[in-house]
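Q: Sharing a structure with you now.
The values are calculated or read from the model by the stated rules, or taken from the named source; none is laboratory data. Just so it is clear, the model here is predicted, and its values are computed rather than measured. Quick reminder, even Gly has a Cβ in these numbers, built from the backbone with ideal geometry, and neighbours come from all protein chains shown.
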Amino acid sequence: MTLASKRVLLIVSGGIAAYKALELVRLLRKSGCGVTCVLTEGGAHFVTPLSLQALSEDRVYTEIFSLTDESEMGHIQLSRAADLVVVAPASADILAKMAVGLASDLATTLLLATDKAVLVAPAMNVRMWQHPATVANMATLASRGVTVVGPDEGTMACNEYGFGRLAEPPAILAAIAALLIGPRPLAGRHALVTSGPTHEPIDPVRYIANRSSGRQGHAIAVALQALGASVTLVSGPVSLPDPAGVRTIHVETAAEMLAVCTAALPADIAVFAAAVADWRTEAAAQKLKKMPGMDTLSLSFVQNPDILATISQGQPRPQLVVGFAAETQDVIAHATEKRRRKGCDWIVANDVGAGADIMGGLENEVHLVTEQGVESWPRLPKDAVATRLAARMAAVFAS
Ligand code: CTP
């Protein structure tokens, strides 16, 4: 299957990332996909109609009230001729207009009139992305079936760091291909994913935590959703936004995580990427105070339930149970033993030793331990590890 017989209507809205739309058009044309571009007034401040026209080898539409455009190809026909409408970059402004249903220019009129699938690739300042208005707009769009790719994390043109960068053009192309030539191999499957650390309270103001950022688990939830799964993400305290279109439930402690996971069953796939605290202490009702002459403090701990082992060995058992093994030495040997002991199907093992910069970092270097043996993957960004892992999981359900 290829994109050769397909056509994308690409709406380029305003923002510094609009220049990346040119690369997207180039990639689409290279895959044989037809591209018709619509440039918003804001987009035209960053790229010219001429560059889009040269790369798309098609005329570029910019103005709704052009009589020639209307007689040659009205706005309804423009989207009818396409298999998919893509908005890249999608500014906070156009996303808000889509959520409300405004038709104030050619782009928004097309988006309101289309009966085709819509993919958006947001790009904006991190505060705009995290603003409750944008979060609500994204939830509205997701509930209407709009697919989202990105935004990525990184440094933005405004020099701030966070989520807001336009997804890279190859990732947008992959999302387009997934929608146009599918198949969405995990459609109809439910995936449960845990992510982030747990916080175990010591007293009302203190807790025990670990360095997990939740990036890997969240990326896995997004990757499984991209393959069509409906995903429940059970997240410990993290500073990441809830992924669009993923049912995200927030918990603090291991006990809460277990209760929520158990309630979310049945699932076809369960991925336990959370760094669950192995121990908890009985939390004091009041803040622990220092007393005169008190040089040390001892806390006693009891073991937390093992969520992965409980669900692996319980009923209803998900068909594919994947655990993680964060190790600082003898990674593969420990992971192999953990797979057997916890009763899961796969273990994704990684070295989280001090020099590895994995826990809390942006990249991961994993070994996939299955019944068939061990596969060592190269060091990759965490979302690339997630995409690869999700594809492997989809293969299990395809066979
Ligand atoms: N895990 C879990 N519940 C726990 C502890 C761990 O579900 N209470 C899961 C993690 O999400 C991960 C896997 O078990 O998928 C392995 O976690 P890890 O911390 O590496 O293993 P431990 O069980 O802590 O084993 P050890 O103390 O031997 O490292």
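Q: Having 1 or more residues that are under 27 Å from residue 387 (Cα atoms) and free of Cβ contacts under 8 Å to residues at least 60 places away in the same chain is the bar; report the strands (runs of 3 or more DSSP E) wholly within the range 196-288 that clear it.
A: Of the strands (runs of 3 or more DSSP E) lying wholly inside the range 196-288, those with at least 1 residues that are under 27 Å from residue 387 (Cα atoms) and free of Cβ contacts under 8 Å to residues at least 60 places away in the same chain span 230-235, 247-250.
Q: Filter the range 323-352 for residues that are out of contact with any helix residue (DSSP H, G or I) (no Cβ under 9 Å at 6 or more places or on another chain) and surrounded by fewer than 16 Cβ atoms within 10 Å (Cβ to Cβ); which is farthest from residue 210 (Cα to Cα)?
A: The extreme case among them is 340.
Q: Taking residue 293, is it more than 12 Å from the ligand (Cβ to nearest atom), outside any strand (DSSP E or B) and on the phi > 0 side of the Ramachandran plot?
A: yes
Q: Listed residues 305, 318; which is assigned to a loop (DSSP other than H, G, I, E, B) and surrounded by fewer than 20 Cβ atoms within 10 Å (Cβ to Cβ)?
A: Only one candidate qualifies: 305.
Q: Tell me, yes or no, whether the range 92-112 has at least one residue that is within 20 Å of the chain's Cα centre (by Cα), of a type outside the set (D, E, K, R) and either more than 30 Å from residue 259 (Cβ to Cβ) or at pLDDT below 90 (or both). Talk me through it step by step, then tell me what you get.
A: Here is the first cut: in the range 92-112, the residues within 20 Å of the chain's Cα centre (by Cα) are 92, 95.
If we keep only those that are of a type outside the set (D, E, K, R) too, we end up with 92, 95.
With the extra rule that they be either more than 30 Å from residue 259 (Cβ to Cβ) or at pLDDT below 90 (or both), the set shrinks to 92, 95.
Yes, that holds for at least one residue.
Q: Quick one: which residue in 228, 214 is in the same structural domain as residue 323 (by TED's automatic domain parsing), at positive phi and away from the ligand (no atom under 15 Å from the Cβ)?
A: From the options 228, 214, the qualifying one is 228.
Q: Please determine whether any residue of the range 262-282 is away from the ligand (no atom under 13 Å from the Cβ) and either in contact with a Gly (Cβ under 6 Å, 6 or more places away or on another chain) or under 22 Å from residue 207 (Cα atoms) (or both).
A: The answer is yes; a qualifying residue exists.
Q: Pairs please, first residue from the range 326-341 and in the same structural domain as residue 273 (by TED's automatic domain parsing), second anywhere and among the acidic types (Asp, Glu) and within 9 Å of the ligand (Cβ to nearest atom), Cβ atoms under 6 Å, 6+ apart in sequence or on different chains.
A: 334/327
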